[in-house]
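Everything on this sheet refers to the single structure shown next.
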Number of protein chains: 2
Amino acid sequence: MNEENHQIRLAARPEGLPKPSDWEQTTEPVPEPGEGQFRVAVSHISIDPAMRAWLNDVPSYIRPVEIGAVMRAAGVGTVTASRHPDFAEGDIASGVFGVQEHAISDGKGTFKIDTDLAPAPTWLGMLGLSGITAYFGLLDVGQLKQGETVVISGAAGAVGSAAGQIAKIHDCRVIGVAGSWEKCAVLVDELGFDAAINYKEERVGRALREHAPGGVDVFFDNVGGEVLDAVLTCLAREARIVISGAVSQYNAADVKGPANYLSLLVNRASMKGFVIFDYADRYPEATAALAGWLREGRIIAKEHCISGGVAAFPDALLGLFAGVNTGKLILKV
Amino acid sequence: MNEENHQIRLAARPEGLPKPSDWEQTTEPVPEPGEGQFRVAVSHISIDPAMRAWLNDVPSYIRPVEIGAVMRAAGVGTVTASRHPDFAEGDIASGVFGVQEHAISDGKGTFKIDTDLAPAPTWLGMLGLSGITAYFGLLDVGQLKQGETVVISGAAGAVGSAAGQIAKIHDCRVIGVAGSWEKCAVLVDELGFDAAINYKEERVGRALREHAPGGVDVFFDNVGGEVLDAVLTCLAREARIVISGAVSQYNAADVKGPANYLSLLVNRASMKGFVIFDYADRYPEATAALAGWLREGRIIAKEHCISGGVAAFPDALLGLFAGVNTGKLILKV
């Protein structure tokens, strides 16, 4: 192939929000797959809050992105050349292809997707790691029971909007916390949440005491910070807090710990973290359930697609932290 | 009876450490038991960190002590008059008798103790709620497994010294965190801890990376604050943090939340609170196990008894927060 492969690489470790100079755009020849490999023309890139954590040079659940490396990202694309037995030209595949137009894969962590069932972006959102994270976080880590009262922070995001709908399917009372009235309206009017709280305009603790007078049984937290502290004041007995993320803290120099954590003691409650990769063996269980609900119209997959190709990645990531998206944020290549 | 009953009552809700003026000493006639009641001459009063929380007018696992009420306290005493079928004059009983010399009880939450098995103070410490808290906190809440690495904060206190010894019985590697070299020496030399860290002189995180290079499986936390934050940086995968208390924060105007709580996510770890009263039905199980270990010499019950009667209570409580005691702090009446 004579085309070029445009890539976004990490140039410097950001402090706070990534600056333009923290990234470098590079252009390389489109690579050829070796034996046992295939090449993908990336069509959609998943923009995730966790990306910010991958930029820090600290031990975490995954190794940091190295300086000079193509930025790590999940994506979907079409196989354009293959020397791999399981992937043929024309297949549409999902995998960690990075922020680039063409990627080489050995098939590890990569799977073919069925675009008849759902369009490509949905395979990065509701049927991808976002939906899977919501599924296991709520049902396995959070041990959600029918009829409980559930609070979701970052409720209009990819994971949050999935979690809330999964909780509704389990006959729970679901309260979302989001950052604008528009998002709150989507949660209640489109996605079936029982209530939504605009944390930028309302006092979360006070609003929760109104919407969840019996206390919160499960809090699925994507945000951390003040929202976490507010929910801690409203726990029911034996409440479970699922730490899925802490998007409010990823760009913070000093993480704000939950000052109200002793509510865990008073309420015999727990706070538990998880990493979705640990559930890799069980992804098919989640995908099957989510695909079924999607087909039955019991959940809605929302995506917010932005165009501009890989060059638009730095701004897309800032947009995520600014909360531009309702549903999964996707960069179209 | 013509004797007087001296009592300590709560005069004002303290801010920070209780001041002398937050207490009032009162003198009343020794009360007579009504039908179904008995009277106890209190000999020993248990001094507990949780007492500080009972002084705050905020919802908690137990109602606050009311202004003007006799201060709530567990104690041991001899029955001096009885109109209760299960308690006879001369019996020695343990119960929540308050900070006073003579108490009336209806028998609820009160039980007779066997001073042949262990002296009265031990029934407030290792065989009382301190030992029971350590037992269920470690084995039930913390799900301690043989051979794990366990860290105990407030390790020289009543609950901590019990927890460390229970963990040793379960073949665990046990590291205590305490506030003086003397206490650290007691933990290692007398109580069989594998290591001890003086948090006032050492950097807890650095010391833990040395003493627990494979990470901490169970952290039994009585202290909170900086110690909790330091241990969070040293968790093993699927670590369990048991929130038994937070003595460093009870007198604080602003509780310091654990800034490193996202370590729960990275390490798939949990933080769980509990209230020992929930285990009331199972107290006999813990007491039987602890009494057996005590008889076999596998655990040592340490008590720090101070004299001075009920008038010495305000200073005794301050002494607890200053860390004067190694083992259970007891006020002799």
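The values are calculated or read from the model by the stated rules, or taken from the named source; none is laboratory data. Treat the numbers as computed from the prediction; the structure is a model and nothing was measured. Please note: Cβ atoms are built from the backbone with ideal geometry, for glycine as well, and neighbour counts cover all protein chains shown.
Looking only at residues of segment B:111-158 that are charged (D, E, K, R) and not assigned by TED's automatic domain parsing to the domain that holds B:Pro213, we find that the one that is surrounded by the fewest Cβ atoms within 10 Å (Cβ to Cβ) is B:Asp116. Being of a type outside the set (Val, Ile, Thr), more than 11 Å from chain B (Cβ to nearest Cβ) and surrounded by fewer than 17 Cβ atoms within 10 Å (Cβ to Cβ) holds for only one residue in A:Arg237, A:Arg295, and it is A:Arg295. Would you please name the residue that is farthest from B:Phe321 (Cα to Cα), looking only at residues in segment B:240-251 that are of a type in the set (Gly, Ala, Ser) and facing chain A (nearest Cβ under 10 Å)? Ranking the qualifying residues of segment B:240-251, first place goes to B:Ser244. Residue count for segment B:206-223, restricted to those that are under 25 Å from the mean Cα position of the chain (by Cα) and without any contact (Cβ under 8 Å) to a residue 60 or more places away in the chain: 1.
The single condition among (1) within 22 Å of A:Gln7 (Cβ to Cβ); (2) of a type outside the set (Phe, Trp, Tyr); (3) modelled with pLDDT under 95 that A:Thr115 does not satisfy is (1).
Taken over segment A:184-233, the criterion of being farther than 23 Å from B:Pro59 by Cβ and β-branched (Val, Ile, Thr) is satisfied by A:Val186, A:Val188, A:Val223. The set of residues from segment B:178-236 being part of a strand (DSSP E or B) and of a type in the set (D, E, K, R) comprises B:Asp217, B:Asp221.
When A:Pro49 is tested against (1) within 30 Å of B:Leu235 (Cα to Cα); (2) in contact with a strand residue (DSSP E or B) (Cβ under 9 Å, 6 or more places away or on another chain); (3) modelled with pLDDT of 95 or more; (4) crowded, with 20+ Cβ neighbours inside 10 Å, only condition (3) is not met. Considering the conditions (1) surrounded by fewer than 18 Cβ atoms within 10 Å (Cβ to Cβ); (2) within 12 Å of chain A (Cβ to nearest Cβ); (3) in contact with a Phe, Trp or Tyr (Cβ under 7 Å, 6 or more places away or on another chain), B:Ala289 is excluded by exactly one of them, (2). The residues of segment A:25-60 that are part of a strand (DSSP E or B) and among the aliphatic types (A, V, I, L, M), listed by number, are A:Val40, A:Ala41, A:Val42, A:Ile45.
Residue count for segment B:71-83, restricted to those that are hydrophobic (A, V, I, L, M, F, W, C), crowded, with 21+ Cβ neighbours inside 10 Å and not in a loop (DSSP other than H, G, I, E, B): 2.
Find all pairs meeting these conditions: Cβ atoms under 8 angstrom apart; at least six residues apart or on different chains; first residue within segment A:228-244 and closer than 10 Å to A:Ala259 by Cα; second residue assigned to a strand (DSSP E or B) and of a type in the set (Phe, Trp, Tyr). Short answer, once both residue conditions are applied: A:Leu228/A:Phe219. Scanning segment B:253-275 for residues that are more than 7 Å from chain A (Cβ to nearest Cβ) and either in contact (Cβ under 8 Å) with a residue 60 or more places away in the chain or touching a Pro at 6+ places or on another chain (Cβ under 6 Å) (or both) yields a count of 1. Before we move on, is A:Leu318 within 11 Å of chain B (Cβ to nearest Cβ), part of a helix (DSSP H, G or I) and touching a residue at least 12 places away in the same chain (Cβ under 8 Å)? Considered against the rule, which asks whether it is within 11 Å of chain B (Cβ to nearest Cβ), part of a helix (DSSP H, G or I) and touching a residue at least 12 places away in the same chain (Cβ under 8 Å), A:Leu318 comes out as no.
For segment A:252-266, filtering for residues that are surrounded by fewer than 22 Cβ atoms within 10 Å (Cβ to Cβ), assigned to a loop (DSSP other than H, G, I, E, B) and not acidic (Asp, Glu) leaves 7. Filtering segment B:1-24 to residues that are in a loop (DSSP other than H, G, I, E, B), of a type in the set (A, V, I, L, M) and within 15 Å of B:Val99 (Cβ to Cβ) leaves only B:Ala11.
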